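Since the structure comes first, as structure tokens, the remarks are kept for the end.
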Amino acid sequence: MSHLRIDQTRPLQFENREIHEGPRILRRLPEGVDEVPYSLFEVKPLTPLIGAEIVGVDLRKTITPDLLAELHLALLEWKVIFFRNQLITSEQQLAFARLWGELEVHPFYKIEKGQSNEIVRFARDKKKAGSENVWHADVTFRTNPAKAAVLRMIEAPPVGGDTLWADMAAAYDNLPEDVKERIQGLTALHDFTPAFSHLMTVEELAVRQAEFPAVEHPVVRTHPETGRKTLFVNPSFTTRIVGLDPDESEKLLQYLFRQAHVPEYQVRFRWEPNSIAFWDNRATQHYAVSDYYPYPRKVERVAIVGDRPY
């Protein structure tokens with residue numbers, strides 16, 4: 001007869017921890033949608049879930065309606081698609097982005113002299129490092145956040161400066177059922193102030209806050225084209241959940257923010273000069289790694305106007 005005793009102070013398993021080991025739901029396509037082969041270019045997946053390089057497309061050439069349709073399908077399937085060795089101009093980048101809709105003018109970034117007001121340039125030099133190193137979706141403080149964005153690498157550091165994207169449909173799919181029930185129907189406030197107030201004087205901030213009041217978006221939005229439910233809160237712009245007391249709101253938001261941190265939901269892209277990333281801002285969040293200082297890094301971004309989340 002054994003006299004061994006189990007130490008009851010040592011847990012047999014962790015049942016209530018937010019992050020756990022084991023299988024995760026990783027659906028690249030909506031349920032019931034079959035994979036369709038691409039005939040006009042090659043797709044090289046970077047992960048099984050999110051992110052693929054498009055091979056065989058020259059963005060200097062005319063994008064035919066058939067090619068546009070296939071690229072759009074690839075964007076919806078992979079959430080972010082990449083092109084390498086694309087020696088295009090700013091004007092050609094703008095023309096490519098316009099194929100997907102009206103272009104956005106960012107309300108807070110300064111436009112460089114002689115440049116289109118639809119282009120945002122992020123130029124980091126030896127004087128300062130990047131400051132976009134937080135998970136976020138672009139301009140969710142707007143009533144109609146960006147649908148998508150096209151980012152072109154002009155000058156890449158020799159090492160570092162990668163960008164990561166996270167699939168926020170996967171982040172939603174893997175939430176515990178009780179959390180899904182808790183957040184269903186909730187809305188949250190999105191506000192530019194935490195991210196951009198440091199760029200303004202007190203007087204300018206007051207004017208801008210009147211021009212761009214905080215907006216309410218659903219915590220879980222429905223993608224207007226795929227029908228997927230995606231987690232739609234981010235630490236750059238989401239300030240609180242409507243109807244919850246401040247402590248409860250912040251605790252829940254912090255829990256939801258952390259869902260983007262799971263590597264299975266992510267793709268990491270190593271930039272080279274003349275590389276381009278094109279992402280669905282409704283389905284993803286992204287994070288620009290700021291590890292390249294003091295090397296320079298220069299990119300240009302063009303965003304496409306979206307619709308109001310529901």
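The values are calculated or read from the model by the stated rules, or taken from the named source; none is laboratory data. Given the structure is predicted, the values throughout are model-derived calculations rather than measurements. Glycine gets a Cβ as well: all are built from the backbone with ideal geometry, and neighbour counts include every protein chain shown. Just the protein is used for accessible areas: all its heavy atoms, side chains included, with ligands, DNA and RNA removed. Shrake-Rupley method; radii C 1.70, N 1.55, O 1.52, S 1.80 Å.
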>> Name the residue that is nearest to ILE119 (Cα to Cα), counting only residues in region 135-192 that are open to solvent by 10 Å² or more (accessible area, probe 1.4 Å) and in contact with a helix residue (DSSP H, G or I) (Cβ under 6 Å, 6 or more places away or on another chain).
In response: ARG152
> Which of the residues belonging to region 16-46 are within 24 Å of the chain's Cα centre (by Cα) and within 24 Å of TYR255 (Cβ to Cβ)?
Replying inline: GLU18, ILE19, HIS20, PRO23, ARG24, ILE25, LEU26, ARG27
> Within the bounds of region 175-190, is there any residue that is touching a Ser or Thr at 6+ places or on another chain (Cβ under 8 Å) and more than 27 Å from ARG24 (Cβ to Cβ)?
Replying inline: yes
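Residue-by-condition table, conditions (1) assigned to a helix (DSSP H, G or I); (2) at pLDDT 95 or above; (3) not aliphatic (A, V, I, L, M):
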site	(1), (2), (3)
LYS128	no, no, yes
TYR172	yes, yes, yes
GLU181	yes, yes, yes
GLY185	no, yes, yes
ALA195	yes, no, no
>> List pairs: first residue in region 61-74 and part of a helix (DSSP H, G or I), second residue open to solvent by 60 Å² or more (accessible area, probe 1.4 Å) anywhere in the structure, Cβ distance under 8 angstrom, at least six positions apart or on different chains.
In response: ASP66/LEU40; LEU67/LEU40; LEU68/LEU99; GLU70/SER39; GLU70/LEU40; LEU73/VAL36
> Do we find a residue being closer than 21 Å to VAL267 by Cβ and of a type in the set (Phe, Trp, Tyr) anywhere in region 192-200?
Replying inline: no
>> With the structure loaded, tell me whether ARG121 is among the charged types (D, E, K, R), closer than 20 Å to SER275 by Cα and either out of contact with any Phe, Trp or Tyr (no Cβ under 9 Å at 6 or more places or on another chain) or not in a strand (DSSP E or B) (or both) or whether it fails that test.
In response: no
> In region 193-211, what residues are crowded, with 18+ Cβ neighbours inside 10 Å and out of contact with any helix residue (DSSP H, G or I) (no Cβ under 9 Å at 6 or more places or on another chain)?
Replying inline: ALA195
> Looking at region 243-279, which of its residues are over 19 Å from GLN184 (Cα atoms), in a helix (DSSP H, G or I) and among the hydroxyl-bearing types (Ser, Thr, Tyr)?
Replying inline: TYR265
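Conditions (1) without any contact (Cβ under 8 Å) to a residue 12 or more places away in the chain; (2) open to solvent by 10 Å² or more (accessible area, probe 1.4 Å); (3) closer than 17 Å to ILE50 by Cβ, marked per residue:
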| position | (1), (2), (3) |
| --- | --- |
| ARG221 | no, no, no |
| GLY227 | no, yes, no |
| VAL233 | no, no, no |
| VAL242 | no, yes, no |
| GLU248 | yes, yes, no |
| PHE257 | no, yes, no |
| ALA260 | no, no, yes |
